[in-house]
1. Which condition from (1) closer than 14 Å to Leu133 by Cα; (2) surrounded by fewer than 14 Cβ atoms within 10 Å (Cβ to Cβ) is the one that Leu182 breaks?
2. Could you identify the single residue in Ala156, Ala150, Ala136, Ala145 that is free of Cβ contacts under 8 Å to residues at least 24 places away in the same chain and either open to solvent by less than 30 Å² (accessible area, probe 1.4 Å) or out of contact with any Lys or Arg (no Cβ under 6 Å at 6 or more places or on another chain) (or both)?
3. Quick one: Thr98 ticks every box in (1) surrounded by fewer than 13 Cβ atoms within 10 Å (Cβ to Cβ); (2) closer than 19 Å to Ser67 by Cβ except a single one, so which number is it?
4. Restricting attention to the range 84-106, which residues are closer than 18 Å to Val120 by Cβ and outside any helix (DSSP H, G or I)?
5. Spot the failing condition for Pro65; the list is (1) open to solvent by less than 60 Å² (accessible area, probe 1.4 Å); (2) part of a loop (DSSP other than H, G, I, E, B); (3) in contact with a strand residue (DSSP E or B) (Cβ under 8 Å, 6 or more places away or on another chain); (4) not polar (S, T, N, Q), and only one is missed.
6. For the subset of the range 159-177 comprising residues that are open to solvent by less than 50 Å² (accessible area, probe 1.4 Å), outside any strand (DSSP E or B) and not basic (Lys, Arg), which member is nearest to Lys66 (Cα to Cα)?
7. Please state which of the following conditions Arg103 fails to meet, knowing it meets all the rest: (1) closer than 18 Å to Glu47 by Cα; (2) touching a residue at least 40 places away in the same chain (Cβ under 8 Å).
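The values are calculated or read from the model by the stated rules, or taken from the named source; none is laboratory data. Quantities reported herein were computed from a predicted structural model and do not represent experimental measurements. Here Cβ is always computed from backbone atoms with ideal geometry, including for glycine, and neighbour counts include all displayed protein chains. The area values use the complete protein model at the heavy-atom level, side chains included, leaving out ligands, DNA and RNA. Shrake-Rupley method; radii C 1.70, N 1.55, O 1.52, S 1.80 Å.
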Amino acid sequence: MGDPVAILDVASGGRYLLSPSGQVMGPAAGAVGLPVIRVKALPPGTEVQLADEGGAVIGAGYFNPKSLIAIRLLAPPETKIDRDFFVGKFRRALGLRTRFFDRPFYRLVHAEGDGLPGLVVDRFGDCLSVQFLHKATEQRKELIADLLQAQFNCRAIVNRSDANVRRLEGLEPEKGLLRGTLGGPVVYREGHIA
């Protein structure tokens, strides 16, 4: 089954071991005074540092005990997942897209492919369509929408988080307008077709 891995809860500073059977055991990696707990004790969307069995931190990410994928790694060890983190990811994604597309009609953020698991952003000129597909991105929806609005000065940001995969994360599908207004159809251009 494999060795347990240590999870370090960033907010509380607690250290736990995640066993292959899905049980979190504490104290771990030298921490003292923590009770033995089950995975469900850490709230969905908790920012964590993942460490190997020797206690060496191997990455930063989000934890969700309700998901089939309990930990989604986002960054190297000790990375702070904050506004600057997301702005950097958006700028990098934009830089990659503008190398290949001469018009702003493309998938701007492709979840894991752009280092942002659970987040998909499609760009249609001055409008964005966003999918928040797991608990951690859902919890940061307002921050992400604010940062996208600031970076792209969008006419509208539409929430299209209506994929059934959200149910696997303990979330209900939803959709609606997050920012701006839509006064009619959005014109999409691909090649010479609009």
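1. Checking Leu182 against (1) closer than 14 Å to Leu133 by Cα; (2) surrounded by fewer than 14 Cβ atoms within 10 Å (Cβ to Cβ), the one that fails is (1).
2. From the options Ala156, Ala150, Ala136, Ala145, the qualifying one is Ala150.
3. So the condition that Thr98 fails would be (2).
4. Hits for the range 84-106 are Phe101, Pro104, Phe105, Tyr106.
5. (3)
6. Initially, the range 159-177 is screened for residues open to solvent by less than 50 Å² (accessible area, probe 1.4 Å), giving 159, 161, 163, 166, 169, 171, 173, 176.
Okay, now just the ones that are also outside any strand (DSSP E or B), so 163, 166, 169, 171, 173.
If we keep only those that are not basic (Lys, Arg) as well, we get 163, 169, 171, 173.
On the way: Ala163: 17, Glu169: 6, Leu171: 10, Pro173: 16 Å.
Of everything passing the filter in the range 159-177, Glu169 is nearest to Lys66 (Cα to Cα).
7. (1)
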